[in-house]
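Reading through the structure tokens given below for one structure.
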Amino acid sequence: MSILISIHLILSLQMGGYAQSNKEEDFKKVLKAVVLGFSKQDSIAIRKYVNKEIGIYQLDRIGIMNHYHHFEAVSFSIEYPTILFRNARGVQLLPLQYATLPVYDCEKEWNKKGLYVDTTKTDHLPSQICQNWNANAGHDPIPDTTIQFFRDLENNSRRIVLWDHNKRELVFYLSYLNGKWYLTVVDNVTSDCSV
């Protein structure tokens, strides 16, 4: 009996390592496809990485307030606000680095070039934007259920920052949902110095 338990435990650990390995390989594959899709402005290539039930959220600025817009898919041909998806045209795919994410400063731009993901931290920018909106906008409050939706999404997401050698950028989130990686959020807020 103890031999069977030991074998089951060993197989479970091996399969768990295999699943983790596949999860990471899938992450890299989806990340590459998304970056290339944005670079080529290929909405069809990106569409298969957008969850049909969730869609995609674009973080942007309305006047002095950060906000989000929801879309069913990415489009590079429709005018505002989806025109903001065009910001990454021609962005270069660089080698992925697992490290602390670059930080943006309006006077100095990003503090380092490259393609980064930090798997040790969970980013909460979307839910924070919602909370700030409710605290400061004074109208059209965002429901608590929406804020909780973003918190749950953030807890299953990785924030990716790409700043290439030509000073083109792409900041987005990939979320692990039902065993697959999906593009869920594009961040146009962090480097927006219009205020």
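The values are calculated or read from the model by the stated rules, or taken from the named source; none is laboratory data. Not measured: the values here are computed from a predicted model. Glycine also receives a Cβ, built like all others from the backbone with ideal geometry; neighbour counts cover every protein chain displayed.
Descriptive notes on the structure:
- Among all positions in region 169-183, there is no residue which is surrounded by 15 or more Cβ atoms within 10 Å (Cβ to Cβ), basic (Lys, Arg) and within 17 Å of the chain's Cα centre (by Cα).
- Qualifying positions in region 132-167 - surrounded by 14 or more Cβ atoms within 10 Å (Cβ to Cβ) and in a helix (DSSP H, G or I): Asn132, Trp133, Asn134, Thr146, Ile147, Phe149, Phe150, Arg151, Leu153, Glu154
- Against the test of being in contact with a Gly (Cβ under 9 Å, 6 or more places away or on another chain) and surrounded by 12 or more Cβ atoms within 10 Å (Cβ to Cβ), the options Leu94, Leu59, Leu125, Leu115 yield a single qualifying residue, Leu94.
- Top-ranked residue of region 147-195 - restricted to ones that are at pLDDT 95 or above and of a type in the set (Ser, Thr, Tyr), ranked as nearest to Tyr57 (Cα to Cα): Thr184
- Number of the condition not met by His69 [criteria: (1) over 18 Å from Gly55 (Cβ atoms); (2) touching a residue at least 12 places away in the same chain (Cβ under 8 Å)]: (1)
- Enumeration of residues in region 23-51 that are among the aromatic types (Phe, Trp, Tyr) and assigned to a loop (DSSP other than H, G, I, E, B): Tyr49
- Residue list for region 76-91, restricted to those being assigned to a loop (DSSP other than H, G, I, E, B) and either modelled with pLDDT of 95 or more or surrounded by 16 or more Cβ atoms within 10 Å (Cβ to Cβ) (or both): Phe76, Val91
- Filtered residues of region 120-171 (kept if among the aromatic types (Phe, Trp, Tyr) and touching a helix residue (DSSP H, G or I) at 6+ places or on another chain (Cβ under 8 Å)): Phe150
- Pairs with Cβ under 8 Å, 6+ apart, first in region 176-195 and in contact (Cβ under 8 Å) with a residue 12 or more places away in the chain, second part of a loop (DSSP other than H, G, I, E, B) and aromatic (Phe, Trp, Tyr): Trp181/Tyr49; Tyr182/Tyr49; Leu183/Tyr49
- Screening region 52-71 for residues that are over 14 Å from Val186 (Cβ atoms) and not in a strand (DSSP E or B) and picking the one that is modelled with the lowest pLDDT gives Gly63.
- Residue within region 27-38 that is surrounded by 10 or more Cβ atoms within 10 Å (Cβ to Cβ) and either in contact with a Gly (Cβ under 8 Å, 6 or more places away or on another chain) or at pLDDT below 90 (or both) present: no
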